[in-house]
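Participant: Here you go, one structure.
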Amino acid sequence: MTRRLYILDFDRTVFDTDCFIADTKILFRHALGISARDFDATQNLYIEPNTKYYNFHGHIESLAGIGQHDLDQLITSQLRDRDYLYPDSAAWLATRDPLTDTVIIMTVGRPPFQQLKFNYAKAIDGLRKIIVPKNKGELIREHILDQPEIGDLNLTLNLYDRVYLVDDSPETFTGLGKINGVKGLRIVRPDGKYRHIPTPPSAQQITNFGDLP
Ligand SMILES: [Mg+2]
């Protein structure tokens, strides 16, 4: 029996972040009076310069004076059962056999925003989700070279015959480099944010989850 570990990025790999943001913008216009123009004109002020994390809650609080808790409640009450997983990733996740395939979500970003988005991705409900503070590829590389466990993430890679890292961002694979034991799979979707940036030669390019090994 071949045991496989899939480490999946969240935003724009399994989750249609741009569609989620677009829907929240419509909601903010109706419920909070925030115009799309004001939203767009101020969004970059809330991209934290060092980490590049988007401070979604801080952004909306500055525009409408609504705190994190109330904002999350507003979104929950309006978006309710919406699901923003891409159809191909949701279908792939639904057909995993847990005896052979372990799937975890590894994501970077501000935890309150990442947690909020997880609520709109039902097929990852039961999966382990790890919010990491830096480039995933670099982090995995450092810990493989150093020790088989990824620090306190307790991810024992040598339990698996195959380890796959799937991400839409080419920088993840630049960080990972070519390393034994982990295969990089870079997903490029037709409207993907980074689609114009070439896939590093150390990674294999795919276009949807149906292409995964
Ligand atoms: Mg991503």
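Participant: Can you tell which of K117, K136 is surrounded by 17 or more Cβ atoms within 10 Å (Cβ to Cβ) and modelled with pLDDT under 95?
Facilitator: It is K136.
Participant: Since S89 meets every condition but one in (1) away from the ligand (no atom under 16 Å from the Cβ); (2) within 30 Å of L127 (Cα to Cα); (3) among the small types (G, A, S), which condition does it not meet?
Facilitator: (1)
Participant: Determine which single condition L153 fails, assuming it passes every other condition in (1) surrounded by 14 or more Cβ atoms within 10 Å (Cβ to Cβ); (2) at pLDDT below 95; (3) more than 30 Å from P49 (Cβ to Cβ).
Facilitator: (3)
Participant: Please note which helices (runs of 4 or more DSSP H) are completely contained in the stretch 49-146 and include at least 1 residues that are over 24 Å from L176 (Cα atoms).
Facilitator: 56-64, 68-79, 87-94, 111-118
Participant: Does L63 satisfy the condition of being assigned by TED's automatic domain parsing to the domain that holds P98, at pLDDT 95 or above and in contact with a Phe, Trp or Tyr (Cβ under 9 Å, 6 or more places away or on another chain)?
Facilitator: Here the answer is no, as L63 does not meet what is asked.
Participant: Hey, does the stretch 189-198 have a residue that's assigned to a strand (DSSP E or B), within 15 Å of the ligand (Cβ to nearest atom) and at pLDDT 95 or above?
Facilitator: Within the stretch 189-198, none of the residues are assigned to a strand (DSSP E or B), within 15 Å of the ligand (Cβ to nearest atom) and at pLDDT 95 or above.
Participant: While we're looking at this one, here's another question. With respect to Y46, determine if the residue is within 16 Å of the ligand (Cβ to nearest atom) and either free of Cβ contacts under 8 Å to residues at least 40 places away in the same chain or surrounded by 14 or more Cβ atoms within 10 Å (Cβ to Cβ) (or both).
Facilitator: It is false that Y46 is within 16 Å of the ligand (Cβ to nearest atom) and either free of Cβ contacts under 8 Å to residues at least 40 places away in the same chain or surrounded by 14 or more Cβ atoms within 10 Å (Cβ to Cβ) (or both).
Participant: For the stretch 1-20, what are the residues that are among the hydrophobic types (A, V, I, L, M, F, W, C), away from the ligand (no atom under 13 Å from the Cβ) and in a loop (DSSP other than H, G, I, E, B)?
Facilitator: Within the stretch 1-20, just M1 meets the criteria.
Participant: Which one is nearest to the ligand (Cβ to nearest atom) among residues in the stretch 155-173 that are touching a Gly at 6+ places or on another chain (Cβ under 7 Å) and within 19 Å of E142 (Cα to Cα)?
Facilitator: T172
Participant: Here is a follow-up. Out of I34, I105, I need the residue that is within 16 Å of the ligand (Cβ to nearest atom) and of a type outside the set (K, R). Which one?
Facilitator: After ruling out the rest, the residue left standing is I105.
Participant: Do we find that A31 is closer than 24 Å to R128 by Cβ, surrounded by 13 or more Cβ atoms within 10 Å (Cβ to Cβ), of a type in the set (G, A, S) and modelled with pLDDT of 95 or more in this structure?
Facilitator: When the stated conditions are applied, A31 does not pass them.
A quick yes/no check of all residues on (1) of a type in the set (A, V, I, L, M); (2) closer than 27 Å to F28 by Cα; (3) surrounded by 14 or more Cβ atoms within 10 Å (Cβ to Cβ):
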| position | (1), (2), (3) |
| --- | --- |
| E61 | no, yes, yes |
| I75 | yes, yes, yes |
| R110 | no, yes, yes |
| D125 | no, yes, no |
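Participant: Okay, moving on. Regarding the stretch 140-154, can at least one residue be identified that is within 16 Å of the ligand (Cβ to nearest atom) and at negative phi?
Facilitator: yes
The values are calculated or read from the model by the stated rules, or taken from the named source; none is laboratory data. Keep in mind that what you see is a predicted model, and the values were worked out from it rather than measured. Heads up, the Cβs are rebuilt from the backbone with ideal geometry, glycines too, and the neighbour counts pull from every protein chain shown.
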